[in-house]
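**Q** Before I ask anything, let me first share the structure, which is written out below as structure tokens.
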Amino acid sequence: MHILLTGGTGLIGRQLCRHWLEQGHRLTVWSRRAEKVAQICGAQVRGIARLEDLGEEPLDAIVNLAGAPIADRPWTHRRKALLWSSRITLTETLLAWLETRAQKPALLISGSAIGWYGDAGERELTEESPPGIDDFASQLCIAWEETALRAENLGIRVVLVRTGLVLSAEGGFLSRLLLPFKLGLGGPLGNGRQWMPWIHIDDQIALIDFLLHRNQASGPYNACAPKPVRNREFAKTLGSVLHRPAFMPMPTLALKVMLGELSLLLLGGQRATPARLLEAGFAFRFTDLRAALDDLSSRL
């Protein structure tokens with residue numbers, strides 16, 4: 001299978017490349033750093049700086065995961081513009097290119113996030129739940145999904161992967177928590193009651209591969225473990241795994257002062273479950289947070 005990836009040099013993309021190379025797939029990564037793709041993703045992975053460099057080479061699937069990290073810095077107007085263009089504008093460019101091709105892939109797997117639901121409080125969320133509309137993160141995800149779904153007009157089946165908080169020893173949000181926790185300064189954010197939909201990186205890779213090979217898959221799928229936890233429980237469990245205390249709370253007011261609008265992403269939560277993946281028969285390897293963190297602990 002020939003797969004084109006965007007975001008192939010990111011946390012999830014790198015792991016997907018390793019996984020699919022082992023399966024014998026042919027991989028092409030569209031990247032601004034095309035010259036570094038082979039080094040980052042694997043010697044057999046081809047990097048292209050322009051979609052036109054593919055010519056009319058047949059494609060079986062596109063996996064669209066590109067997007068600047070959403071929680072790396074405060075949401076200034078400039079940062080919001082970058083977050084938008086790196087997702088929506090890039091996807092629009094991808095669609096415009098697909099329109100010009102005689103041969104089109106059968107499938108587009110496009111990224112999204114559990115943030116699509118906004119801050120949902122105590123409501124249990126499945127893929128049938130309505131979106132949030134009041135915050136930037138949900139608006140970003142809604143626009144990203146709506147743009148990707150336009151590929152259906154080209155006869156391309158579209159799968160939307162609403163990813164939760166990915167647990168990995170190679171980067172992502174967990175790596176940003178390590179220093180304060182190792183210094184004994186970790187703890188809950190705000191009141192700690194907000195729900196955290198998490199997923200181990202191995203399950204994230206496995207479910208994308210599962211959806212790639214499931215011919216009937218379409219529409220949104222929540223990519224998170226079946227048992228979300230509250231922020232307070234997450235902090236306590238991570239502290240226990242790292243053998244460090246986790247009682248130093250970050251006050252709500254301090255987060256709002258330091259991070260501005262971005263603080264809403266950390267103080268809100270989603271009690272999301274992967275209903276459609278479970279119905280489709282996907283088996284999660286990690287359903288318990290402690291087991292997931294224990295698996296990663298030796299590499300943290």
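**Q** What residue, among those in segment 188-199 that are buried (at least 20 other Cβ atoms within 10 Å of the Cβ) and either among the small types (Gly, Ala, Ser) or closer than 19 Å to GLY7 by Cβ (or both), is farthest from the chain's Cα centre (by Cα)?
**A** Per the stated criteria, the residue is GLY190.
**Q** Which of the numbered conditions does ILE70 fail, given that it passes all the others? Conditions: (1) modelled with pLDDT under 95; (2) surrounded by fewer than 16 Cβ atoms within 10 Å (Cβ to Cβ); (3) among the aliphatic types (A, V, I, L, M).
**A** Of the numbered conditions (1) modelled with pLDDT under 95; (2) surrounded by fewer than 16 Cβ atoms within 10 Å (Cβ to Cβ); (3) among the aliphatic types (A, V, I, L, M), the odd one out for ILE70 is (2).
**Q** While we're looking at this one, here's another question. Across segment 9-45, what is the total count of residues that are surrounded by fewer than 21 Cβ atoms within 10 Å (Cβ to Cβ), in contact with a strand residue (DSSP E or B) (Cβ under 6 Å, 6 or more places away or on another chain) and outside any helix (DSSP H, G or I)?
**A** 2
**Q** Against the condition more than 22 Å from the chain's Cα centre (by Cα), buried (at least 17 other Cβ atoms within 10 Å of the Cβ) and either closer than 22 Å to LEU98 by Cα or basic (Lys, Arg) (or both), how does LEU4 come out, does it pass?
**A** When the stated conditions are applied, LEU4 does not pass them.
**Q** So, in segment 141-173, how many residues would count as being touching a Phe, Trp or Tyr at 6+ places or on another chain (Cβ under 9 Å), in a helix (DSSP H, G or I) and aliphatic (A, V, I, L, M)?
**A** Of the residues in segment 141-173, 2 are touching a Phe, Trp or Tyr at 6+ places or on another chain (Cβ under 9 Å), in a helix (DSSP H, G or I) and aliphatic (A, V, I, L, M).
**Q** Only one of these is modelled with pLDDT under 95, in a helix (DSSP H, G or I) and aliphatic (A, V, I, L, M): LEU212, LEU262. Name it.
**A** From the options LEU212, LEU262, the qualifying one is LEU262.
**Q** Moving on. Output the number of residues of segment 91-140 satisfying the condition of being assigned to a strand (DSSP E or B) and among the small types (Gly, Ala, Ser).
**A** Qualifying residue count, segment 91-140: 4.
**Q** Sticking with this structure for a sec: Which ones in segment 252-297 are among the small types (Gly, Ala, Ser) and either crowded, with 20+ Cβ neighbours inside 10 Å or free of Cβ contacts under 8 Å to residues at least 24 places away in the same chain (or both)?
**A** Listed by number, the residues that qualify are ALA254, SER263, GLY268, GLY269, ALA272, GLY281, ALA283, ALA291, ALA292.
The values are calculated or read from the model by the stated rules, or taken from the named source; none is laboratory data. Because the structure is a prediction, the values reported are computed rather than measured. All Cβ positions, even for glycine, are placed from backbone atoms using ideal geometry, and neighbour counts span all protein chains on display.
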